[in-house]
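Next up is a structure, given as C-alpha coordinates.
The values are calculated or read from the model by the stated rules, or taken from the named source; none is laboratory data. Since the structure is predicted, the reported quantities are computational estimates derived from the model, not experimental observations. Here the Cβ positions follow ideal geometry from the backbone for every residue, glycine too, while neighbour counts run over all protein chains shown.
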Amino acid sequence: MKKLSLILLSLFCFPTCSSVAQPTHVSENISTNEIVDNNAQNLAIMNFGLDILKNSDITKNVLISPSSIVSAIGMTANGAEEETLAQIENVLGTDIASLNEFLYHYKSSLLNTDKFELHMANSIWINEAPNINVLESFLKTNTKYYDSSIYKIPFDEQTHNLINQWVSDNTKERIENILSAPVPKEAIMYLVNALSFDAEWQNIYEEFDIHQAEFTTLNNEKQTIDFISSKETHYIELENGIGFKKPYADNKYSFVAVLPNNNIMDFIENLDSEALINSLDEENNMIVYAQMPKFSADYKVNLKEILSSIGMQHAFDEVLADFDKLASVPENTNIFINDIAHQTTITVDEKGTEAGAATVVMMFTTAAVIFDFVEINLNKPFFYMIIDNEFNVPIFMGILNTIQ
(Lines give C-alpha, C1' and ligand atoms only; values in the text may rest on other atoms or scores of the structure.)
Protein backbone atom coordinates (compact mmCIF):
# COMPACT_ATOMS: atom_id res chain seq x y z
CA MET A 1 0.00 0.00 0.00
CA LYS A 2 1.38 3.38 -0.94
CA LYS A 3 2.18 5.66 2.01
CA LEU A 4 -0.15 8.56 2.54
CA SER A 5 1.52 11.73 3.79
CA LEU A 6 -0.29 14.98 4.54
CA ILE A 7 1.83 18.11 4.21
CA LEU A 8 0.49 20.60 6.74
CA LEU A 9 2.05 24.06 6.63
CA SER A 10 -0.94 26.26 7.35
CA LEU A 11 -4.65 26.18 6.76
CA PHE A 12 -4.91 29.91 6.68
CA CYS A 13 -4.62 31.00 3.04
CA PHE A 14 -2.12 32.57 2.61
CA PRO A 15 -10.47 38.91 26.39
CA THR A 16 -8.43 40.35 28.71
CA CYS A 17 -6.66 38.47 31.57
CA SER A 18 -8.57 38.86 34.79
CA SER A 19 -5.62 40.09 36.86
CA VAL A 20 -4.18 42.37 34.17
CA ALA A 21 -5.32 45.88 33.35
CA GLN A 22 -7.18 46.48 30.11
CA PRO A 23 -4.74 46.48 27.18
CA THR A 24 -3.45 49.83 26.05
CA HIS A 25 -3.92 50.70 22.38
CA VAL A 26 -1.33 53.37 21.65
CA SER A 27 -2.85 54.10 18.27
CA GLU A 28 -6.08 52.84 16.71
CA ASN A 29 -7.99 52.89 13.43
CA ILE A 30 -5.12 54.26 11.36
CA SER A 31 -5.60 53.73 7.65
CA THR A 32 -2.67 52.76 5.44
CA ASN A 33 -2.10 53.87 1.89
CA GLU A 34 0.78 51.70 0.67
CA ILE A 35 0.23 49.43 -2.34
CA VAL A 36 1.49 45.93 -1.59
CA ASP A 37 2.22 43.15 -4.06
CA ASN A 38 0.09 40.40 -2.53
CA ASN A 39 1.54 37.73 -4.79
CA ALA A 40 5.06 38.58 -3.65
CA GLN A 41 4.01 38.45 0.00
CA ASN A 42 2.17 35.13 -0.48
CA LEU A 43 5.28 33.65 -2.07
CA ALA A 44 7.51 35.01 0.69
CA ILE A 45 5.37 33.45 3.44
CA MET A 46 5.17 30.15 1.55
CA ASN A 47 8.97 30.15 1.12
CA PHE A 48 9.45 30.95 4.80
CA GLY A 49 7.13 28.15 5.89
CA LEU A 50 8.88 25.62 3.68
CA ASP A 51 12.29 26.76 4.95
CA ILE A 52 11.17 26.00 8.50
CA LEU A 53 9.65 22.68 7.45
CA LYS A 54 12.80 21.62 5.59
CA ASN A 55 14.89 22.29 8.69
CA SER A 56 12.54 20.45 11.06
CA ASP A 57 12.68 16.82 12.15
CA ILE A 58 10.25 15.46 9.56
CA THR A 59 10.64 11.87 10.76
CA LYS A 60 7.89 12.92 13.20
CA ASN A 61 4.55 14.67 12.69
CA VAL A 62 5.16 18.37 12.05
CA LEU A 63 2.55 21.14 12.01
CA ILE A 64 3.48 24.81 11.80
CA SER A 65 1.52 27.99 11.15
CA PRO A 66 3.63 30.31 8.98
CA SER A 67 0.90 32.93 9.42
CA SER A 68 1.35 32.93 13.19
CA ILE A 69 5.16 32.86 13.13
CA VAL A 70 5.40 35.65 10.55
CA SER A 71 3.01 37.83 12.57
CA ALA A 72 5.06 37.47 15.77
CA ILE A 73 8.39 38.02 14.04
CA GLY A 74 6.93 40.91 12.07
CA MET A 75 5.99 42.73 15.27
CA THR A 76 9.49 42.11 16.63
CA ALA A 77 11.23 43.26 13.45
CA ASN A 78 9.70 46.70 13.87
CA GLY A 79 12.22 47.20 16.68
CA ALA A 80 15.24 45.93 14.76
CA GLU A 81 17.93 47.88 12.92
CA GLU A 82 21.01 47.40 10.72
CA GLU A 83 22.24 43.83 10.14
CA THR A 84 19.72 42.34 12.59
CA LEU A 85 16.85 43.76 10.54
CA ALA A 86 18.54 42.82 7.26
CA GLN A 87 18.84 39.18 8.34
CA ILE A 88 15.22 39.04 9.51
CA GLU A 89 14.02 40.51 6.22
CA ASN A 90 16.18 38.08 4.26
CA VAL A 91 14.77 35.08 6.14
CA LEU A 92 11.21 36.35 5.77
CA GLY A 93 11.82 37.09 2.09
CA THR A 94 10.37 40.60 2.28
CA ASP A 95 11.03 44.01 3.74
CA ILE A 96 9.27 44.78 7.01
CA ALA A 97 7.33 47.76 5.63
CA SER A 98 5.70 45.62 2.95
CA LEU A 99 5.01 42.81 5.42
CA ASN A 100 3.37 45.24 7.85
CA GLU A 101 1.06 46.48 5.10
CA PHE A 102 0.21 43.01 3.86
CA LEU A 103 -0.62 41.61 7.31
CA TYR A 104 -2.66 44.71 8.15
CA HIS A 105 -4.81 44.35 5.05
CA TYR A 106 -5.04 40.57 5.35
CA LYS A 107 -6.25 40.68 8.96
CA SER A 108 -8.66 43.52 8.12
CA SER A 109 -10.15 41.47 5.28
CA LEU A 110 -11.10 38.45 7.39
CA LEU A 111 -14.81 37.65 7.28
CA ASN A 112 -16.27 35.08 9.65
CA THR A 113 -19.57 33.21 9.41
CA ASP A 114 -21.27 30.41 11.32
CA LYS A 115 -19.56 27.95 8.94
CA PHE A 116 -15.99 29.24 9.02
CA GLU A 117 -13.89 31.47 11.24
CA LEU A 118 -10.26 32.52 11.32
CA HIS A 119 -9.49 34.52 14.45
CA MET A 120 -6.11 36.24 14.75
CA ALA A 121 -4.88 38.26 17.74
CA ASN A 122 -1.61 39.93 18.72
CA SER A 123 -0.34 41.21 22.04
CA ILE A 124 2.82 42.72 23.51
CA TRP A 125 3.65 42.11 27.16
CA ILE A 126 6.09 44.62 28.66
CA ASN A 127 7.99 44.28 31.91
CA GLU A 128 7.07 47.40 33.85
CA ALA A 129 10.54 47.98 35.27
CA PRO A 130 12.31 51.32 35.94
CA ASN A 131 15.29 50.56 33.70
CA ILE A 132 13.24 49.70 30.57
CA ASN A 133 11.87 52.40 28.30
CA VAL A 134 9.92 50.91 25.40
CA LEU A 135 9.83 53.39 22.52
CA GLU A 136 6.46 54.93 21.70
CA SER A 137 7.20 54.67 17.97
CA PHE A 138 7.60 50.88 18.27
CA LEU A 139 4.28 50.50 20.06
CA LYS A 140 2.47 52.79 17.61
CA THR A 141 3.73 50.82 14.62
CA ASN A 142 2.55 47.53 16.09
CA THR A 143 -0.86 48.78 17.15
CA LYS A 144 -1.29 50.38 13.73
CA TYR A 145 -0.43 47.36 11.62
CA TYR A 146 -1.02 44.41 13.97
CA ASP A 147 -3.79 45.74 16.22
CA SER A 148 -1.58 44.63 19.12
CA SER A 149 -2.93 44.83 22.64
CA ILE A 150 -0.28 46.26 24.98
CA TYR A 151 0.03 44.91 28.53
CA LYS A 152 2.40 46.69 30.90
CA ILE A 153 2.87 44.72 34.12
CA PRO A 154 5.71 43.88 36.50
CA PHE A 155 7.03 40.50 35.37
CA ASP A 156 6.89 37.94 38.19
CA GLU A 157 6.38 34.21 38.68
CA GLN A 158 2.73 34.48 37.60
CA THR A 159 3.33 36.31 34.31
CA HIS A 160 3.59 33.13 32.24
CA ASN A 161 0.16 32.06 33.52
CA LEU A 162 -1.35 35.35 32.39
CA ILE A 163 0.16 34.99 28.91
CA ASN A 164 -0.95 31.35 28.73
CA GLN A 165 -4.49 32.41 29.63
CA TRP A 166 -4.49 35.08 26.92
CA VAL A 167 -3.31 32.50 24.37
CA SER A 168 -5.93 30.02 25.54
CA ASP A 169 -8.70 32.63 25.26
CA ASN A 170 -7.64 33.50 21.71
CA THR A 171 -7.31 29.90 20.50
CA LYS A 172 -10.60 28.60 21.94
CA GLU A 173 -8.62 26.79 24.66
CA ARG A 174 -6.72 24.73 22.07
CA ILE A 175 -3.27 26.03 23.06
CA GLU A 176 -3.17 25.82 26.84
CA ASN A 177 0.41 26.09 28.10
CA ILE A 178 2.76 27.45 25.48
CA LEU A 179 4.95 28.79 28.32
CA SER A 180 5.77 25.96 30.71
CA ALA A 181 8.00 27.87 33.15
CA PRO A 182 7.95 31.27 34.89
CA VAL A 183 9.27 34.25 32.94
CA PRO A 184 12.99 34.78 33.77
CA LYS A 185 14.11 38.01 35.40
CA GLU A 186 16.10 38.99 32.28
CA ALA A 187 12.91 39.14 30.17
CA ILE A 188 11.73 42.59 29.14
CA MET A 189 9.05 41.82 26.56
CA TYR A 190 7.02 38.95 25.12
CA LEU A 191 5.41 39.42 21.68
CA VAL A 192 2.57 36.98 21.11
CA ASN A 193 0.39 35.89 18.20
CA ALA A 194 -2.54 33.51 18.64
CA LEU A 195 -5.00 32.22 16.08
CA SER A 196 -7.83 29.73 15.81
CA PHE A 197 -9.38 28.21 12.71
CA ASP A 198 -12.76 26.51 12.37
CA ALA A 199 -14.44 25.49 9.14
CA GLU A 200 -17.04 23.04 7.89
CA TRP A 201 -16.45 21.21 4.64
CA GLN A 202 -18.29 22.58 1.64
CA ASN A 203 -19.75 19.10 1.30
CA ILE A 204 -20.16 17.38 4.66
CA TYR A 205 -19.31 13.68 4.64
CA GLU A 206 -22.15 11.20 5.11
CA GLU A 207 -21.95 8.11 7.28
CA PHE A 208 -21.45 5.89 4.22
CA ASP A 209 -18.36 8.00 3.28
CA ILE A 210 -16.54 6.78 6.41
CA HIS A 211 -14.75 3.44 6.39
CA GLN A 212 -11.82 1.75 8.04
CA ALA A 213 -8.60 1.18 6.13
CA GLU A 214 -4.87 0.86 6.69
CA PHE A 215 -2.47 3.79 6.98
CA THR A 216 1.20 2.91 6.40
CA THR A 217 3.49 4.93 8.66
CA LEU A 218 6.97 6.21 7.84
CA ASN A 219 8.33 3.09 9.58
CA ASN A 220 6.12 0.84 7.42
CA GLU A 221 3.84 0.00 10.33
CA LYS A 222 0.16 -0.59 9.54
CA GLN A 223 -2.53 1.36 11.42
CA THR A 224 -6.23 0.57 10.97
CA ILE A 225 -8.13 3.85 11.25
CA ASP A 226 -11.16 5.73 9.92
CA PHE A 227 -10.86 7.14 6.40
CA ILE A 228 -13.23 9.55 4.69
CA SER A 229 -13.96 9.34 0.96
CA SER A 230 -15.02 12.11 -1.42
CA LYS A 231 -14.97 13.22 -5.03
CA GLU A 232 -12.91 16.37 -5.59
CA THR A 233 -12.55 18.56 -8.66
CA HIS A 234 -9.22 20.29 -8.06
CA TYR A 235 -6.34 17.98 -8.95
CA ILE A 236 -2.77 18.97 -8.04
CA GLU A 237 0.22 17.61 -9.95
CA LEU A 238 3.75 18.49 -8.90
CA GLU A 239 7.05 17.17 -10.20
CA ASN A 240 7.39 14.79 -7.25
CA GLY A 241 3.84 14.27 -6.02
CA ILE A 242 0.10 14.40 -6.71
CA GLY A 243 -2.74 15.69 -4.57
CA PHE A 244 -5.98 17.63 -4.33
CA LYS A 245 -7.49 20.81 -2.96
CA LYS A 246 -10.68 20.36 -0.94
CA PRO A 247 -12.82 23.46 -0.23
CA TYR A 248 -14.39 24.42 3.07
CA ALA A 249 -17.79 26.12 3.26
CA ASP A 250 -18.34 29.06 0.87
CA ASN A 251 -14.98 28.26 -0.74
CA LYS A 252 -13.15 30.78 1.49
CA TYR A 253 -10.51 28.27 2.65
CA SER A 254 -9.28 24.92 1.37
CA PHE A 255 -7.48 21.87 2.67
CA VAL A 256 -4.57 20.79 0.49
CA ALA A 257 -3.01 17.33 0.59
CA VAL A 258 -0.14 15.98 -1.52
CA LEU A 259 0.99 12.36 -1.79
CA PRO A 260 4.74 12.08 -2.60
CA ASN A 261 5.81 9.90 -5.51
CA ASN A 262 8.62 8.52 -3.36
CA ASN A 263 9.36 9.19 0.33
CA ILE A 264 8.28 12.20 2.34
CA MET A 265 11.85 13.37 3.06
CA ASP A 266 12.78 13.67 -0.63
CA PHE A 267 9.46 15.33 -1.36
CA ILE A 268 9.88 18.05 1.27
CA GLU A 269 13.53 18.64 0.35
CA ASN A 270 12.60 19.29 -3.28
CA LEU A 271 9.26 21.04 -2.76
CA ASP A 272 9.23 24.34 -4.64
CA SER A 273 7.10 27.22 -3.33
CA GLU A 274 6.34 28.74 -6.71
CA ALA A 275 5.29 25.43 -8.23
CA LEU A 276 3.12 24.71 -5.19
CA ILE A 277 1.38 28.10 -5.37
CA ASN A 278 0.85 27.77 -9.12
CA SER A 279 -0.72 24.34 -8.65
CA LEU A 280 -3.28 25.85 -6.26
CA ASP A 281 -4.61 28.13 -9.02
CA GLU A 282 -4.35 25.84 -12.03
CA GLU A 283 -7.64 24.79 -13.61
CA ASN A 284 -7.97 21.20 -14.83
CA ASN A 285 -10.64 18.71 -15.80
CA MET A 286 -9.41 15.87 -13.61
CA ILE A 287 -11.79 14.26 -11.11
CA VAL A 288 -10.11 13.03 -7.91
CA TYR A 289 -11.59 10.19 -5.90
CA ALA A 290 -9.92 11.04 -2.63
CA GLN A 291 -9.53 9.07 0.55
CA MET A 292 -7.89 10.59 3.59
CA PRO A 293 -7.63 9.63 7.25
CA LYS A 294 -9.45 11.39 10.05
CA PHE A 295 -6.62 12.66 12.24
CA SER A 296 -5.48 14.91 15.03
CA ALA A 297 -1.99 16.32 15.58
CA ASP A 298 -0.27 18.43 18.21
CA TYR A 299 3.14 20.04 17.83
CA LYS A 300 5.42 22.23 19.92
CA VAL A 301 8.85 23.58 19.00
CA ASN A 302 11.36 26.27 19.90
CA LEU A 303 12.45 28.00 16.72
CA LYS A 304 15.78 29.55 17.73
CA GLU A 305 17.93 26.80 16.24
CA ILE A 306 15.94 26.55 13.02
CA LEU A 307 15.76 30.30 12.40
CA SER A 308 19.46 30.71 13.18
CA SER A 309 20.33 27.96 10.71
CA ILE A 310 18.46 29.68 7.87
CA GLY A 311 20.12 33.05 8.39
CA MET A 312 18.61 34.88 11.38
CA GLN A 313 21.65 34.64 13.68
CA HIS A 314 22.10 38.21 14.91
CA ALA A 315 18.65 38.53 16.49
CA PHE A 316 19.49 35.71 18.94
CA ASP A 317 23.02 36.90 19.72
CA GLU A 318 23.49 38.74 23.03
CA VAL A 319 26.18 40.99 21.53
CA LEU A 320 25.27 41.32 17.84
CA ALA A 321 21.50 41.82 18.18
CA ASP A 322 20.37 45.36 17.37
CA PHE A 323 16.91 46.21 18.67
CA ASP A 324 17.55 49.89 19.33
CA LYS A 325 14.18 50.81 17.78
CA LEU A 326 12.37 48.65 20.34
CA ALA A 327 13.47 50.11 23.69
CA SER A 328 16.25 51.92 25.49
CA VAL A 329 18.03 50.00 28.23
CA PRO A 330 20.89 50.81 30.64
CA GLU A 331 24.40 51.22 29.25
CA ASN A 332 26.39 48.02 28.78
CA THR A 333 23.27 45.92 28.31
CA ASN A 334 21.64 44.79 25.08
CA ILE A 335 18.27 43.47 23.88
CA PHE A 336 18.09 40.16 22.02
CA ILE A 337 15.64 37.32 21.28
CA ASN A 338 16.18 34.53 23.78
CA ASP A 339 13.91 32.08 21.92
CA ILE A 340 10.67 31.79 19.96
CA ALA A 341 8.09 29.26 21.15
CA HIS A 342 5.59 27.86 18.64
CA GLN A 343 2.70 25.49 19.33
CA THR A 344 -0.05 24.11 17.10
CA THR A 345 -2.95 21.67 17.10
CA ILE A 346 -5.35 20.35 14.46
CA THR A 347 -8.31 17.97 14.16
CA VAL A 348 -9.63 16.88 10.75
CA ASP A 349 -12.78 14.76 10.55
CA GLU A 350 -15.93 14.22 8.51
CA LYS A 351 -17.41 17.57 9.59
CA GLY A 352 -14.46 19.85 8.91
CA THR A 353 -11.39 21.18 10.68
CA GLU A 354 -10.54 22.77 14.01
CA ALA A 355 -7.04 24.17 14.55
CA GLY A 356 -5.08 26.54 16.72
CA ALA A 357 -1.62 28.08 16.80
CA ALA A 358 0.42 30.44 18.93
CA THR A 359 3.88 32.01 18.71
CA VAL A 360 5.75 33.79 21.51
CA VAL A 361 8.89 35.87 20.87
CA MET A 362 10.84 36.21 24.13
CA MET A 363 12.93 39.40 24.37
CA PHE A 364 15.69 39.49 27.01
CA THR A 365 18.38 41.90 28.09
CA THR A 366 21.91 40.80 28.74
CA ALA A 367 22.95 40.67 32.37
CA ALA A 368 26.64 40.90 31.56
CA VAL A 369 28.68 43.81 30.23
CA ILE A 370 28.62 44.16 26.44
CA PHE A 371 32.12 44.37 24.97
CA ASP A 372 33.22 45.73 21.63
CA PHE A 373 33.79 42.92 19.16
CA VAL A 374 35.97 42.14 16.19
CA GLU A 375 35.59 39.48 13.49
CA ILE A 376 38.63 37.38 12.55
CA ASN A 377 38.61 35.22 9.43
CA LEU A 378 41.59 32.86 9.20
CA ASN A 379 41.54 32.82 5.40
CA LYS A 380 45.30 33.31 4.82
CA PRO A 381 48.54 32.04 6.46
CA PHE A 382 48.39 32.23 10.24
CA PHE A 383 50.24 31.24 13.39
CA TYR A 384 48.67 28.82 15.87
CA MET A 385 49.40 27.04 19.16
CA ILE A 386 47.98 24.48 21.55
CA ILE A 387 48.66 25.60 25.11
CA ASP A 388 48.21 24.53 28.69
CA ASN A 389 45.67 27.01 30.03
CA GLU A 390 47.00 26.96 33.61
CA PHE A 391 50.65 27.62 32.82
CA ASN A 392 50.51 28.95 29.26
CA VAL A 393 53.03 26.30 28.24
CA PRO A 394 53.02 25.83 24.44
CA ILE A 395 52.40 22.15 23.74
CA PHE A 396 52.24 22.70 19.97
CA MET A 397 53.17 25.75 17.91
CA GLY A 398 52.89 26.14 14.16
CA ILE A 399 52.36 28.18 11.01
CA LEU A 400 49.76 27.25 8.40
CA ASN A 401 50.65 28.44 4.88
CA THR A 402 48.71 25.96 2.79
CA ILE A 403 45.97 23.35 3.29
CA GLN A 404 47.16 19.81 2.64
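Just need a number here: residues in segment 237-272 that are farther than 23 Å from Phe197 by Cα and out of contact with any Phe, Trp or Tyr (no Cβ under 6 Å at 6 or more places or on another chain).
Residues flagged as farther than 23 Å from Phe197 by Cα and out of contact with any Phe, Trp or Tyr (no Cβ under 6 Å at 6 or more places or on another chain) within segment 237-272 amount to 17.
Failed condition for Ser309, given (1) modelled with pLDDT of 90 or more; (2) out of contact with any Gly (no Cβ under 6 Å at 6 or more places or on another chain); (3) crowded, with 18+ Cβ neighbours inside 10 Å, with all others met?
So Ser309 meets the others, but not (3).
Residues in segment 51-69: is at least one farther than 30 Å from Leu218 by Cα and either in contact with a strand residue (DSSP E or B) (Cβ under 8 Å, 6 or more places away or on another chain) or modelled with pLDDT of 95 or more (or both)?
Within segment 51-69, none of the residues are farther than 30 Å from Leu218 by Cα and either in contact with a strand residue (DSSP E or B) (Cβ under 8 Å, 6 or more places away or on another chain) or modelled with pLDDT of 95 or more (or both).
Does Glu28 qualify as being at pLDDT below 50 and surrounded by fewer than 19 Cβ atoms within 10 Å (Cβ to Cβ)?
Judged against the criteria, Glu28 is a match.
Report yes if Phe197 is within 25 Å of the chain's Cα centre (by Cα), of a type in the set (A, V, I, L, M, F, W, C), surrounded by 13 or more Cβ atoms within 10 Å (Cβ to Cβ) and in a strand (DSSP E or B), otherwise no.
yes
Where in segment 323-398 are there strands (runs of 3 or more DSSP E), lying fully within it, with 1 or more residues that are modelled with pLDDT of 95 or more?
335-348, 352-365
Could you check segment 258-292 and list, in sequence order, the residues that are surrounded by fewer than 18 Cβ atoms within 10 Å (Cβ to Cβ) and of a type in the set (Ser, Thr, Tyr)?
Scanning segment 258-292 gives a single hit, Tyr289.
Consider segment 172-194. How many of its residues are hydroxyl-bearing (Ser, Thr, Tyr) and part of a loop (DSSP other than H, G, I, E, B)?
Result for segment 172-194: 1.
Residue by residue through segment 312-362, note down the ones that are farther than 30 Å from Asn131 by Cα, among the polar types (S, T, N, Q) and surrounded by fewer than 23 Cβ atoms within 10 Å (Cβ to Cβ).
Listed by number, the residues that qualify are Thr345, Thr347, Thr353.
Sticking with this structure for a sec: Could you check segment 278-304 and list, in sequence order, the residues that are hydrophobic (A, V, I, L, M, F, W, C), within 23 Å of Thr344 (Cα to Cα) and outside any loop (DSSP other than H, G, I, E, B)?
Across segment 278-304, the qualifying residues are Met292, Phe295, Ala297, Val301.
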